[in-house]
Amino acid sequence: MRNWLTYAFPVALGIAVLGVWEWAVAHYQVPRFVLPAPSAIAQSFVDDHAQLAAATWTTFRIVIEAFVLALVTGVALAVLFAQSRIVELALYPYAVILQVTPIVALAPLIIIWVGYEHIDSALLILAWIVAFFPILSNTTLGLRSADRNLIDLFRLYGASRWQILWKLQLPGALPYLLGAMKISGGLALIGAVVAEFAAGTGTATGLGWTITEAGNRLHIETMFAALAILSVMGVAIFFLLSALEWALLHRWHESAISRQE
Amino acid sequence: MALISLRGVSKTFDSGTQAIAALDLDVRAGEFLSLVGPSGCGKSTALRILADLIAPTTGSVTWPGGKPEIGFVFQEPTLMPWRTALDNARLPLELKGIARGDAEVRSRQALTRVGLGEFEKAYPRELSGGMKMRVSIARAIAAEPKLLLMDEPFAALDELTRQSLNDDLLKLAREDGITVIFVTHSVYESAYLSDRVVVMTPRPGRVTADIAIAQPTERSAGYRLTSQFIDAAGKISAALGNAMAA
């Protein structure tokens, strides 16, 4: 079944749903401010393309920056944890507290501290907080999962801590890290949008703001358009990271072996 | 002259478990010595002490002729799945800082010697259990050790694979003049391979029998049917029985 049908079925279903939607809105004369027809949403893409493109770019930039920052800080802290049990014992509880505190509740505080004049930095910090923890937690687990016998073998041949980290622990943690990246990529997007909601209108200019603003003016088709862009962005991030995972793991990792093999 | 001399070596872990009690043992250069005993009698602990991976609680380990290059083979192949067979075999040379080109030539030779010359680009997941163990042995001999420590290396393999690896191991050890300390709980495997079998008691382990075996240099499948082999296996088996009863 892994052939063109894999794509044909979902695409056909999507087209059918859109068709029924278009027909139902026209037939039951559903008001535009409740549910716009797909054609009206498409029209919004054309009419509002300048605003949507700017908003997409703003949100996209924050998501990518937050994700890269989460990746760098998460891996760096995980390496530090793997080197020193004391550092881990001291810092890990705070990382958990940061993770479990609802980001919506944290957002107003961060925004006040950073200031409305640097709202992009506030959004970046909030998205980073959400995206950071899976990377830290999974990479720490991965670094700790190195085969004890292999560590002994490295020691037998006089390897330094650095060599053990670089040649054994980091490659072994790669599947854990890549799994975490797929989760964090999605979370960075959620964090960025939630932070924009918390920031309110008039300051941030990303897709979250576009949705709030369009909702206030009952431009439901613009809300749908922004929502569609967010979905596409989330799916694109997921596919890109899945492709990266495949590229790095398919030669050797069990997860990449097809069952037919 | 002894290669290794253990005197009163004991090991008690932090958990309070005493793995070895007062182990006295001399290992001669060039011999094939098997450590036989029930599970948990501290055989693996003894190997780790010899490799200097853990320190004994009491007693001394001395190397009268100086400490030689050591190779270690575990019960599992213990390969890095992200590295090819060649890159796995190259690891000891790489960690010793030997230039990559030279290291590749030497690890390629090691792979050829264990019969895996054709598979240097294969990843561990593409190899059978026996082939993975061969890569593990190639890695151990790549750095040209004079002492090979083996911790039940063939326990997880099927009988045919195990016998063929036994023969290959004997050949490698003889060609390179390697001293082998081989941990096993198989009486027959120790009887086939060893010049000397040391039987250990259940935990805490100590030596209860030291059996010398006069082996023919050339051994083959037929050797397992000779009275000489059966006598040796009988002696080891009896000593093991006494050890368990003690």
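Values quoted throughout were computed directly from the atomic coordinates according to the rules given, and no laboratory measurement underlies them. All of these numbers come straight from a predicted model, not from anything done at the bench. Here the Cβ positions follow ideal geometry from the backbone for every residue, glycine too, while neighbour counts run over all protein chains shown.
Some notes on this structure:
- Point-to-point label distance, A:A24-B:D14, nm (Cα→Cβ direction, 7 Å offset): 6.3
- Other residues whose C-beta falls under 9 angstrom from the C-beta of B:E144 contribute a net charge of 0, scoring Lys and Arg +1 and Asp and Glu -1.
- Note on B:K146, B:K11: ascending count of other Cβ atoms within 10 Å places them as B:K146, B:K11, the fewest first.
- A:V232 paired with B:D210, simple spin-label distance in nm, labels 7 Å along Cα-to-beta-carbon: 8.1
- Pairwise FRET efficiency - A:D147 versus A:A76, Cβ, R0 = 30 Å, nearest 0.05: 0.80
- Taken residue by residue and averaged, Cβ atoms of other chains lying within 10 Å of the Cβ of B:79-85 number 5.
- Alpha-carbon centroids, segment B:133-195 and segment A:193-244: separation in whole Å: 63
- The length gained by stretching the chain between B:R7 and B:D231 to full extension, at 0.36 nm per residue less their Cα-Cα distance, is 77.6 nm.
- Least to most buried among B:D102, A:D152 (fewest other Cβ within 10 Å first): B:D102, A:D152
- Take each residue of peptide B:86-96, count the partner chain Cβ atoms within 10 Å of its Cβ, and average: the result is 3.
- Averaged over peptide A:145-152, the number of partner chain Cβ atoms lying within 10 Å of each residue's Cβ comes to 4.
- Sequence-separation-based contact order of segment A:42-255, relative, with Cα cut under 8 Å and 6+ spacing, percent: 29
- Between segment B:1-52 and segment B:202-237, the alpha-carbon centres lie 20 Å apart.
- The trypsin sites (Lys or Arg not before Pro) of segment B:19-126 that meet both conditions, a loop assignment by DSSP and at most 16 other Cβ atoms within 10 Å of the site Cβ, are B:K96, B:K121.
- Links that overshoot a 19 Å alpha carbon limit, given the list B:K11/B:K235; A:K167/B:K96; B:K67/B:K96: B:K11/B:K235
- Sorting the segments A:119-128, A:221-230, B:157-166 by their residues' average number of neighbouring beta-carbon atoms within 10 angstrom, most packed first, yields A:119-128, A:221-230, B:157-166.
- Chain B - percent relative contact order, Cα under 8 Å, separation 6 or more: 26
- In this simple spin-label approximation, A:R155 and A:A12 carry label points 7 Å from Cα along the Cα→Cβ vector, and these lie 6.1 nm apart.
- Inter-part distance where segment A:101-170 and segment B:73-99 are each reduced to a Cα centre, Å: 28
- Percent RCO, i.e. relative contact order, over segment B:100-191, from Cα pairs under 8 Å lying at least 6 residues apart: 27
- If you take all other residues with their beta carbon under 15 Å from the beta carbon of B:G59, and give Lys and Arg +1 and Asp and Glu -1, the sum is +1.
- A protection proxy built from the mean count of other Cβ atoms within 10 Å ranks the segments B:49-58, B:71-80, B:216-225, most packed first, as B:71-80, B:49-58, B:216-225.
- Neighbour counts of other Cβ atoms within 10 Å put A:I129, B:I211 in the fewest-to-most order B:I211, A:I129.
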